[in-house]
Structures are given as C-alpha cells and as structure tokens.
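Right, one structure below, let's go through it.
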Amino acid sequence: MGICAYDIPTFNQLSAEKTICSSEPQNTISSTQVERTSKFDFSDIPFSLKELFTSNPTIPLPKIEKEIRDRERNCIFAKKSISKAFKHISKEGINKKLSLMQFKRALYELGINPKILEDPDDPMWLFLFSFQENSLFDMRKIIASFILISDSELKKKIKFLYLLYDENENRVLEQNEIRSMLSDLAEVSVECLPLLVSNVESSEELSKYMVFMRIEKERLIEEASKTLLGNLTEVGNVELIGILQNSNDWFKIFRSEGLRETILEKYKLPENPQYLEQFLT
C-alpha cells in the first residue's frame, strides 16, 4: 500500500475542538475531525531514499557521536512507527502542548511504560524532560524525535513534518514554517537526543560536544533554509522532495545522526580539525 493510500487527520484537526481548562480535557476526536483529512500525493516521485539514511560517514566521527548513535538506534522510540506516534501524541495535546498526564497516556497507547517519566535513573528520563518547558511538554518536538531516529523513507518523514508544521493546512510550508521545522529538527538532534548518553564517564565529552553543536546548528538552520526555499516564499511537499534529491546530501538532516554529521562536515572538521581531536578515537 502506498503512503498516500490512507488519510491522516492533520495536527490542527486533531486539536481543533479542544480548549484549555483547569481540568484534564476529554481527549476524543469527532467524526467530523476524522473526515477532514489532508491527502499527500507522492505518486509522482519515482525514487526511494530509504537506503540513503543508512549512514556511511565520510569523516572520522567523534567517539561521543558514535555513542549517541548507538543509544538512538536502541532507543524505544526507534522501534515505534511515525504514524502511531503522530496519532497518539497529537490526539492528547492542546495547542501543541502536553501535560505530564497527557504525555503518560500517549506513551501508554504507544506501548511504552509511562513510569519512565517518574524515574530519574532511567536513561530516557533526562531526554524526555528536555521537551518540557513551564511544566508542559512540546508536542511537535516529541513527534519530531520519532521522525528523526526513524529509518523510514524520506517521503514518509516529509509527509508527517508537513502535517506538523503546515499551520494553514494548504500543503505548502511558508518561510516561517520551514524555519520553525528546521529549528526543531536541529534542537532535538543536538540538544535532546544526545541526552540519551547519561553515563558519568561520558559526561564531560558530551557537554563539550553539545556546546559546539549548539553553536553551529544556527549556521545549519540558516543554510538549510536558503537551500530548501531559494527564492521561493513557500514550498510544497512533493516539490521539497525534488529539491532534496538534488541538494548535495541535505536530505541527511531529516535523520538526527545525519544532521549532526552535516554540522561536522560543513562547519568544523574542514575549518578547525584540531578542535575535535580530543573526541576522536
């Protein structure tokens, strides 16, 4: 079955009838909401980029990067489908936010023990709470983490990113939406997922690595925005796939390890290789 053979409610449609109140909301989806769906037609794309997400780095990787990749690939999120993550997490939230109880329910529906949100000693705990701000969890960044560590085809990743960031539900992303999407992908890749490495032995290396990644991600966001949009003010989902096909490896930023690798290739190793010597094996 092709990826466009079924309909999925958009992010806004799942939350359309919800309002914030002091008590926990009723998390139901009306039949009207289910019927109002967005169709994404990728039938004109004759290629698959799934195999391209099997990373074959062309540069020496820092030891800490290898450890981060190992933790990502074994993370329980990597074992869950993007479609189910989108369905259960977006269904629970209000205005793109989740309370702790809503997050627990979403994890339970995904077959993940919600007690990981209660155990600071669990390797997932610090990572999960990196999505929290002012007592609420950022729904889009959580779903983005599933997308980033998934080995799904690029067209499937793009499909769900459009569902998340297409605020007007017109099947195009405008400049501000592209920027918002890239900013979240970069933040999750360089500031959230690396927290899966929580052992004491790696703490100093991890801290230094995250500092330089945090600095360089802004350059990545700027360059990626220009690459994806060019002189355009907006870009459609199918058009974006075509741009990525001819963009000299920019497709890699839609996988967390590829995004960090792109930062290493573009901004650090060529300019100042000595800086990373302490991290290399």
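The values are calculated or read from the model by the stated rules, or taken from the named source; none is laboratory data. For clarity, every value in this text was computed on a predicted model and none was experimentally measured. Note that each Cβ is placed from the backbone with ideal geometry, even for glycine, and that neighbours are counted across all protein chains shown.
Numbers below:
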item	result
Given (1) under 25 Å from residue 70 (Cβ atoms); (2) at pLDDT below 95; (3) within 18 Å of the chain's Cα centre (by Cα), index of the condition residue 93 fails	(1)
Unmet criterion (only one of (1) assigned to a helix (DSSP H, G or I); (2) over 16 Å from residue 75 (Cα atoms); (3) out of contact with any His (no Cβ under 6 Å at 6 or more places or on another chain)) for residue 115	(2)
Test: residue in the stretch 71-87 that is more than 18 Å from residue 192 (Cα to Cα), crowded, with 16+ Cβ neighbours inside 10 Å, modelled with pLDDT under 95 and of a type in the set (Gly, Ala, Ser)	no
Where residue 172 falls short, out of the listed (1) β-branched (Val, Ile, Thr); (2) under 19 Å from residue 228 (Cβ atoms); (3) touching a residue at least 60 places away in the same chain (Cβ under 8 Å); (4) in contact with a helix residue (DSSP H, G or I) (Cβ under 7 Å, 6 or more places away or on another chain)	(4)
Flag if residue 208 is charged (D, E, K, R) and within 18 Å of residue 262 (Cβ to Cβ)	no
Candidate set from the stretch 88-106 (those that are of a type in the set (S, T, N, Q) and surrounded by fewer than 22 Cβ atoms within 10 Å (Cβ to Cβ)); member that is nearest to residue 154 (Cα to Cα)	95
Residue selected from the stretch 220-240 under the condition of a type in the set (A, V, I, L, M), at pLDDT 90 or above and part of a helix (DSSP H, G or I), by the criterion nearest to residue 163 (Cα to Cα)	240
Failed item, numbered, when residue 217 is tested on (1) within 20 Å of the chain's Cα centre (by Cα); (2) basic (Lys, Arg); (3) surrounded by fewer than 19 Cβ atoms within 10 Å (Cβ to Cβ); (4) within 28 Å of residue 123 (Cα to Cα)	(3)
Residue in the stretch 241-268 that is nearest to residue 75 (Cα to Cα), counting only those that are among the acidic types (Asp, Glu) and in a helix (DSSP H, G or I)	257
